[in-house]
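Below is one structure; the comments refer to it alone.
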Amino acid sequence: MTAASESLTARLVLEPAELAAVHACLPAGMRTPADVDEPGAVDEGVLAGLRDRGVIDADGGLNRSVLAGLVLLADPGAVRLSVVAAGPAMVRRTSIACSEALLAGLTVQEPGGRAEQFLARTHQVAGEVVRLLPSLGETPVPGRAGLYDEEPGLLLAAVDRAWATGGHGAESAWDVDPGSGTDAAAALAEGFAGSFEVTLSLPAGSVADAPALDRLLWVMTAGSWWSLRPHSDRAGRARLDVVPVAAGELAAELAPMMAAAALALGGPE
């Protein structure tokens with residue numbers, strides 16, 4: 001793994017066969033039914049390459065940092081972030097698990113299965129999430145007008161369909177007249193170019209008696225990002241705001257979620 005001593009960040013890129021070999025080298029108690037049963041079943045050339053890179057040792061044991069990251073990722077009591085970043089013909093799914101001191105993450109790209117495992121200090125979690133935002137050729141448009149207090153069902157269903165087909169598509173994202181004069185309505189009617197979802201999961205008992213969830217959802221259409229923000233009106237009905245945002249605003253929008261994660265970990269808000 002490559003590391004920067006000042007930040008303790010380490011990253012390891014693995015091709016699909018290498019990721020399968022790493023899983024095969026896990027201690028028996030950590031393997032899942034999907035993992036290869038025995039390291040010997042993995043191509044010897046792949047294992048040799050991993051040994052040359054220091055990912056596994058001569059006896060087939062995993063590098064301590066690699067193993068520590070996988071152990072943290074498997075911890076059911078960890079504060080967890082799930083990130084789905086989608087663009088044309090690509091989806092990257094990332095799981096991040098946080099302890100009080102360290103975070104571990106694993107990103108897998110579809111199609112292809114190329115993976116990245118990373119370790120960092122927990123206070124760097126916001127930066128790690130921001131790093132996952134896909135670069136989709138953002139075109140700044142000043143003064144865009146959003147949509148507010150909309151019924152959310154149709155748009156959220158369209159987002160789910162877009163992810164099922166790779167995160168984008170030509171279908172209209174919103175059943176509105178694009179000539180209605182609202183910038184968001186016109187843009188969303190053109191369909192998605194990409195999306196970015198972050199979901200926070202807190203272990204039961206950390207803040208509440210049941211797992212607490214928070215979610216951030218951005219979609220890109222017509223070269224611009226939009227933030228989808230669900231809420232309730234005074235009658236308790238579900239409503240949705242579609243707010244224009246830019247990539248540089250992601251860290252600020254993540255702040256409430258990061259504060260909740262810090263609180264669950266016992267740190268300052």
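The values are calculated or read from the model by the stated rules, or taken from the named source; none is laboratory data. Nothing here was measured: the structure is a model prediction, and the numbers come from that model. We place every Cβ from the backbone using ideal geometry, glycine too, and count neighbours over all the protein chains shown.
Okay, here's what the table says:
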item	result
Sole residue being modelled with pLDDT under 90 and of a type outside the set (Phe, Trp, Tyr), chosen from Glu15, Glu6	Glu6
Ala20 within 22 Å of Pro111 (Cα to Cα), at pLDDT 90 or above and surrounded by 14 or more Cβ atoms within 10 Å (Cβ to Cβ)	yes
